[in-house]
Amino acid sequence: MGESFVWPEGNVYLWTGSASSALVAYAEQTNVRMAYGYYNSRSLDLAYHDTLTGQRVDVTVGSLYCPDASALQRMFDAKTAVHAHFKHALTGGAAGSAGHFLYSGRMDALQVAGQDGNAYRLLMTYHANIWSAYP
């Protein structure tokens, strides 16, 4: 079982230690999929029971723009836990109204993509096992 949240664009804050030193980036084509795992078993009374076995959140970012790509590369190369805060961006100048905090995750892949006449963009995949959300 799982839920998937897709935002067309928004801010993402990434940090390894203190949130006060977060790397701020702008993310487009972001998909955050949260899933719970269950072990389903039948007891002697013939009733089925679900036992939670774990949870995982998988993130893909199709376009990530940040002012310091080398800091993001160092974070990726460190192979350490990375925390993330995805904040939804609304049009019309309104502040973000929803978001997710993802804790103790890992950056699985980081890709640099470029094309003629356009800025480089980064593509990232990430996973974590702990999250919280706010409306």
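The values are calculated or read from the model by the stated rules, or taken from the named source; none is laboratory data. These numbers come from a predicted model, not from an experiment. Note that we place each Cβ from the backbone using ideal geometry, even for glycine, and neighbour counts take in every protein chain shown.
Do we find a residue being surrounded by 11 or more Cβ atoms within 10 Å (Cβ to Cβ), in contact (Cβ under 8 Å) with a residue 60 or more places away in the chain, touching a Ser or Thr at 6+ places or on another chain (Cβ under 9 Å) and of a type in the set (D, E, K, R) anywhere in the range 51-60?
Looking through the range 51-60, at least one residue is surrounded by 11 or more Cβ atoms within 10 Å (Cβ to Cβ), in contact (Cβ under 8 Å) with a residue 60 or more places away in the chain, touching a Ser or Thr at 6+ places or on another chain (Cβ under 9 Å) and of a type in the set (D, E, K, R).
Could you please find all residues in the range 7-26 being in a strand (DSSP E or B), surrounded by 14 or more Cβ atoms within 10 Å (Cβ to Cβ) and either modelled with pLDDT of 90 or more or not small (Gly, Ala, Ser) (or both)?
Matches in the range 7-26: 7, 9, 11, 12, 13, 14, 15, 23, 24, 25, 26.
Tell me which strands (runs of 3 or more DSSP E) are completely within the range 46-135 and hold 3 or more residues being closer than 16 Å to residue 12 by Cβ and of a type in the set (Ser, Thr, Tyr), or say none if there are none.
So the answer is 48-65.
On the given criteria, is residue 107 in contact with an Asp or Glu (Cβ under 7 Å, 6 or more places away or on another chain) and aliphatic (A, V, I, L, M)?
Here the answer is no, as residue 107 does not meet what is asked.
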